[in-house]
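As structure tokens, the structure follows; a few thoughts come after it.
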Amino acid sequence: VDIYYLYNDDESLFDVNEWTQIMLEAKALVFQFPLYWMSAPHMLKRWQDEVFTHLSKSPVIAGKPFLIVVTTGSECETYRSGGRNQFSVDEILRPYQASAIHAGMKWESPIVVFGMNSEDPGRSITEGAIQYKEKLEMLDNSTNGNGGYGW
């Protein structure tokens, strides 16, 4: 669900009941976003505050996989101790992992597509798309028959 498309008005609130129904039917929760100042864009953060906080206190998302898919402007080498950004992407995404654990979800290894500001971002996007597709297929196969959830 593209929350930026559906909620393009910063004043509108997310309907927690609607999102509860969406998540009841979902097999997994996937956050896809550009890593923006070492965090998520503002609308995703609002969704976390208004919806995820509520869902994390209910059995609706417990046991479901939680996958983060991010793009970065910089190359992989910059995301390490001693690199320009000083931290690995896993370290930067640790709050999401903690949220998944708190909500009783199954944390999946993030998919990171590096180098969107490089000379050849198309190659990174192609490789990331393949990895993303394979991961979604794996999640789909691993959750078939598990509570009857649908994508």
Criterion violated by GLU25 - all others in (1) surrounded by 13 or more Cβ atoms within 10 Å (Cβ to Cβ); (2) under 17 Å from LEU139 (Cβ atoms); (3) out of contact with any strand residue (DSSP E or B) (no Cβ under 8 Å at 6 or more places or on another chain) satisfied:
(1)
Report whether or not ALA129 is within 16 Å of the chain's Cα centre (by Cα), part of a helix (DSSP H, G or I) and surrounded by fewer than 12 Cβ atoms within 10 Å (Cβ to Cβ).
no
Which condition number does VAL69 fail, the rest of (1) under 24 Å from ASP120 (Cα atoms); (2) of a type in the set (A, V, I, L, M, F, W, C); (3) assigned to a loop (DSSP other than H, G, I, E, B) being met?
(3)
Can you run down the residue pairs with Cβ atoms below 6 Å, 6 or more apart or on separate chains, where the first is in region 109-122 and touching a residue at least 12 places away in the same chain (Cβ under 8 Å) and the partner is open to solvent by 50 Å² or more (accessible area, probe 1.4 Å) and assigned to a loop (DSSP other than H, G, I, E, B)?
PHE114/GLU75; GLY115/GLU75
Pairs where the first residue, in region 129-142, is touching a residue at least 60 places away in the same chain (Cβ under 8 Å) and the second is surrounded by fewer than 12 Cβ atoms within 10 Å (Cβ to Cβ) and in a helix (DSSP H, G or I), C-beta under 9 Å, 6+ apart
none
State all residues of region 78-108 that are surrounded by 15 or more Cβ atoms within 10 Å (Cβ to Cβ), aliphatic (A, V, I, L, M) and without any contact (Cβ under 8 Å) to a residue 60 or more places away in the chain; if no residue qualifies, say none.
VAL89, ILE92, LEU93, ALA100, ALA103
Between VAL60, VAL69, which is open to solvent by less than 80 Å² (accessible area, probe 1.4 Å), in contact (Cβ under 8 Å) with a residue 60 or more places away in the chain and on the phi < 0 side of the Ramachandran plot?
VAL69
Among the residues of region 26-50, what is the count of those that are in a helix (DSSP H, G or I) and either closer than 22 Å to ILE92 by Cβ or at pLDDT 95 or above (or both)?
8
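The values are calculated or read from the model by the stated rules, or taken from the named source; none is laboratory data. Computed from a predicted model, the values in this text were never measured in an experiment. Backbone-built Cβ (ideal geometry, glycine too); neighbour counts: all protein chains shown. Quick note on the areas: whole protein, heavy atoms, side chains included, nothing else; ligands and nucleic acids left out. Shrake-Rupley method; radii C 1.70, N 1.55, O 1.52, S 1.80 Å.
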